[in-house]
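Here's the structure, in structure tokens; my notes come after.
Quick note: the coordinates plus some simple rules give every number you see, no bench work behind them. This is a predicted model, so every value here is computed, not measured. Ideal geometry is used to build each Cβ from the backbone, glycine not excepted, and the neighbour counts take in all protein chains shown.
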Amino acid sequence: MTAIDVRPTPDAEAVAAAVAAALRTIDANLAEFGDRYPGDTTVRGRYRARDGNVGWTTSFWPGMLWLASSLTGSPRYAEAAAAHVSSFASRIASRTDVDTHDLGFLYTLSCVVPWERVGDPVARAAAVDAADHLVTRVLPAAGIIQAWGDLGDERQRGRTIIDSLMNTPLLFWAGYSDIAQRHVEQLRDHILRPDNTTFHTFYWDPATGAPLRGETEQGDSDESCWARGQAWGIYGFALNHRHTGDPSFRDAARRCADRFLAHLPADGVPYWDLVFGDGSGEERDSSAAAIAVCGLLELGEPRYVEAALRILGSLMDDYVDPSANALLVHGVYDKPKGVGVDEGNLWGDYFYLEALTRVTLPDWNDPW
Ligand code: GLY
């Protein structure tokens, strides 16, 4: 029994109302941002347009438009989403801000989806180019994909992060299955701790491949458990299980899920680090909850689906504000650096809408 077991699960009518509310926000944002990109997070409750297609989160905006297209069948969302392909094609062709593992987030949603949905060959070529570029970040001795920075950057060399589990679907799609499998095995063995919590980041010796140490960047401490990282672990290991059939990846996802669920406060939405509980005065990270809902639904076993629905119901009831231009409020990007604290954010919005889509359309093919 966990704290959320007493919460109700939402009925179909409530889910439909939540979808309608999310679509109203998307319509308003479409009018405001068009083919530009909202910032990573809201600032004092509002997204503002960013300068150009940079950073790791821009694809969540066309990703949401593709979700809106699936939910409604309306061609105007598909057209608006497809209009972003040229920006992502230029970005990878010009190698603009692409020294990152996040190419999976960026090119799965912006380019693999339009290739698969409407057969856009420009989108396919850009996604292949992005995958080819991503594998240049592999450190062969360690068998991991370096997360951040130039490969010669001493501070970042040999380091990868739990979020990278979400970037391997691009590699499976592009035929780099062996690289993806090896990377995930290393995360399973080292970033997931024996007590089923996770490190945010982990270093390997790039020359020998020896595992070195865990270190946080966005969590409370190196030894604590950053809530969003644990949620990336649930969804990421579950997706990698789907791609490989490797039962140890499903086991890793279950371990992340059991720990996450056991540490939730009463309303099912975690504080930004799982070391905090009710009474801590710390902020919630609604985006971690939204990601976890998708991961729990992906795992598919009744106890996880039940928990996912209870958490989703809590987000629908208490983490949506019709006056905001984010779909979901009360997220945290990076508390140690004071960035995006108690704000909406693009990935929280995307995974909240993906969760609503999964529940509304059980036969829907997710992009991962
Ligand atoms: N992938 C970056 C983050 O979750 O903040």
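Here are some notes:
- Residue count for segment 294-340 under the criterion of being acidic (D, E) and within 16 Å of the ligand (Cβ to nearest atom): the result is 1.
- The C-beta contact set for segment 226-238 (first residue closer than 14 Å to D334 by Cβ, second residue within 11 Å of the ligand (Cβ to nearest atom) and among the β-branched types (V, I, T), distance under 7 angstrom, 6+ apart or interchain) comprises R228/I291; G229/I162.
- Per this entry, N345 is not counted among residues that are closer than 30 Å to A123 by Cβ, more than 15 Å from the ligand (Cβ to nearest atom), polar (S, T, N, Q) and surrounded by 16 or more Cβ atoms within 10 Å (Cβ to Cβ).
- Count of residues meeting criterion [of a type in the set (F, W, Y) and not in a loop (DSSP other than H, G, I, E, B)] in segment 258-285: 2
- Residues of segment 40-82 that are within 16 Å of the ligand (Cβ to nearest atom) and within 20 Å of A290 (Cα to Cα): D40, T41, T42, W56, T57, T58, S59, F60, W61, G63.
- Residue match in segment 294-307 (condition: touching a Ser or Thr at 6+ places or on another chain (Cβ under 8 Å), among the aliphatic types (A, V, I, L, M) and not in a loop (DSSP other than H, G, I, E, B)): yes
- Residue that is nearest to I4 (Cα to Cα) [pool: residues in segment 313-328 that are surrounded by 23 or more Cβ atoms within 10 Å (Cβ to Cβ) and of a type outside the set (S, T, Y)]: L315
- Residues of segment 315-365 that are farther than 15 Å from L297 by Cα, small (G, A, S) and in a helix (DSSP H, G or I): G348 alone.
- Checked against the criterion of being polar (S, T, N, Q) and touching a residue at least 60 places away in the same chain (Cβ under 8 Å), the candidates S74, S70 yield just one match: S70.
- The single condition among (1) more than 12 Å from T9 (Cα to Cα); (2) buried (at least 18 other Cβ atoms within 10 Å of the Cβ) that R310 does not satisfy is (1).
- Considering only residues in segment 83-106 that are aliphatic (A, V, I, L, M) and more than 16 Å from the ligand (Cβ to nearest atom), the one that is farthest from L30 (Cα to Cα) turns out to be A93.
- Of all residues in segment 224-280, those that are of a type in the set (G, A, S), surrounded by 18 or more Cβ atoms within 10 Å (Cβ to Cβ) and more than 16 Å from the ligand (Cβ to nearest atom) total 5.
- Applying the criterion of at least 1 residues that are surrounded by fewer than 24 Cβ atoms within 10 Å (Cβ to Cβ) and away from the ligand (no atom under 16 Å from the Cβ) to the strands (runs of 3 or more DSSP E) found wholly in segment 107-215 leaves 201-204, 211-215.
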